[in-house]
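Asker: Have a look at the structure that comes next, please.
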């Protein structure tokens with residue numbers, strides 16, 4: 001007789017993690033939307049400064065980090081939640097809000113962790129298709145909100161399609177969502193969004209207590225290995241709720257120190273965004289020259305649709321191209337694992353890695369055409 005596990009375990013999908021961790025160093029890792037930039041020396045020093053105190057638990061209130069975030073964003077510290085990555089806050093919010101009979105609304109394809117929320121809680125998920133430009137259809141999402149809806153999620157810019165909707169559209173959307181519904185704007189990639197200043201949505205928090213802006217240090221701050229996320233909330237209630245359902249000490253002392261120091265270097269953030277936008281322009285031009293359809297990216301990655309010949313299955317083309325890229329030392333994410341077969345999600349890397357990707361894709365497409 002084997003151990004009997006909870007029925008919900010079978011409902012929860014496995015996270016489609018990239019298979020890059022055992023590969024050689026010369027592989028172009030363009031699969032996980034990480035920053036190609038190493039940590040700043042000052043951040044490394046800040047981490048080193050707390051290592052000799054690892055016999056003690058980290059501050060469970062994250063007071064220093066919340067104060068630093070409050071100074072940076074102008075949001076009261078009691079309205080800021082900290083997490084072991086933004087996913088920690090997201091999953092905790094699902095546990096705090098959702099249960100059988102409740103509903104949540106999100107677009108699809110979007111962030112692959114969202115299906116965990118309904119699967120784990122027993123709530124009903126309403127997935128709203130993206131529009132023809134691979135953007136959120138906010139009007140369609142509004143039409144799906146009912147009295148049973150507890151949570152609606154907008155990923156902006158959207159992962160995996162890289163697209164974004166303007167802040168004005170977000171503001172109009174939030175204003176129309178009933179106050180009984182928690183609105184989560186997942187802004188993990190907001191710093192790369194050139195449609196608006198990333199701080200534009202902050203002003204909405206003072207007018208909408210049901211609003212949460214979810215952000216992370218994993219992307220533009222380059223701290224993916226530290227796992228630090230944060231939520232800027234319209235009230236203190238979500239902070240108390242997520243803290244109640246999680247284990248204590250969810251953010252390590254090195255992670256808190258790294259995040260506090262990283263916030264002091266907004267000039268580095270601006271430089272990284274500038275380089276990402278330059279890479280975006282170069283790669284999108286290269287893809288279009290190859291005849292590849294690519295979404296209008298506002299992130300640090302692109303979403304492309306592979307060309308298929310008559311009678312070809314998109315999934316088969318995708319599998320073949322991903323394998324050809326891997327054989328040429330370029331690792332990308334297959335669209336099948338992210339909600340749509342026949343597509344690729346490709347992170348922007350260093351200039352040499354971006355050139356390597358375009359050359360490898362050129363070869364892979366040429367082989368597919370023969």
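The values are calculated or read from the model by the stated rules, or taken from the named source; none is laboratory data. Since the model is a prediction, treat every value here as computed from it, not as a measurement. For neighbour counting, all protein chains shown are included, and Cβ atoms are generated from backbone atoms with ideal geometry for every residue, glycine included.
Asker: If the Cβ limit is 8 Å and pairs must be 6+ apart or interchain, which residue in the range 313-324 that is without any contact (Cβ under 8 Å) to a residue 40 or more places away in the chain pairs with which residue that is part of a helix (DSSP H, G or I)?
Answerer: 315/336; 318/335; 318/336; 319/336
Asker: Taking the residues in the range 320-335 that are outside any strand (DSSP E or B) and out of contact with any helix residue (DSSP H, G or I) (no Cβ under 8 Å at 6 or more places or on another chain) as candidates, determine which candidate is nearest to residue 112 (Cα to Cα).
Answerer: 322
Asker: Looking only at the range 159-166, decide whether some residue is free of Cβ contacts under 8 Å to residues at least 12 places away in the same chain and either surrounded by fewer than 23 Cβ atoms within 10 Å (Cβ to Cβ) or closer than 22 Å to residue 132 by Cβ (or both).
Answerer: No: the range 159-166 contains no residue that is free of Cβ contacts under 8 Å to residues at least 12 places away in the same chain and either surrounded by fewer than 23 Cβ atoms within 10 Å (Cβ to Cβ) or closer than 22 Å to residue 132 by Cβ (or both).
Asker: Next question. Look through 290, 361 and report the one residue that is touching a residue at least 12 places away in the same chain (Cβ under 8 Å) and buried (at least 22 other Cβ atoms within 10 Å of the Cβ).
Answerer: 361
Asker: With the condition being in the same structural domain as residue 192 (by TED's automatic domain parsing) and closer than 19 Å to residue 187 by Cβ, I'd like the strands (runs of 3 or more DSSP E) fully within the range 91-177 carrying at least 3 qualifying residues.
Answerer: 103-108, 149-155
Asker: Something else now. Could you say whether any residue in the range 66-88 is over 25 Å from residue 189 (Cβ atoms), touching a residue at least 24 places away in the same chain (Cβ under 8 Å), more than 18 Å from the chain's Cα centre (by Cα) and surrounded by 19 or more Cβ atoms within 10 Å (Cβ to Cβ)?
Answerer: Looking for residues that are over 25 Å from residue 189 (Cβ atoms), touching a residue at least 24 places away in the same chain (Cβ under 8 Å), more than 18 Å from the chain's Cα centre (by Cα) and surrounded by 19 or more Cβ atoms within 10 Å (Cβ to Cβ), one finds none in the range 66-88, hence no.
Asker: Checking the condition surrounded by 21 or more Cβ atoms within 10 Å (Cβ to Cβ), out of contact with any strand residue (DSSP E or B) (no Cβ under 9 Å at 6 or more places or on another chain) and either without any contact (Cβ under 8 Å) to a residue 60 or more places away in the chain or under 30 Å from residue 63 (Cβ atoms) (or both), which residue from 257, 285, 270 passes?
Answerer: Being surrounded by 21 or more Cβ atoms within 10 Å (Cβ to Cβ), out of contact with any strand residue (DSSP E or B) (no Cβ under 9 Å at 6 or more places or on another chain) and either without any contact (Cβ under 8 Å) to a residue 60 or more places away in the chain or under 30 Å from residue 63 (Cβ atoms) (or both) holds for just one of 257, 285, 270, which is 257.
Asker: Consider residue 122 carefully, then state whether it is in contact (Cβ under 8 Å) with a residue 12 or more places away in the chain and under 19 Å from residue 192 (Cβ atoms).
Answerer: Taking the combined requirement at face value, the residue does not satisfy it.
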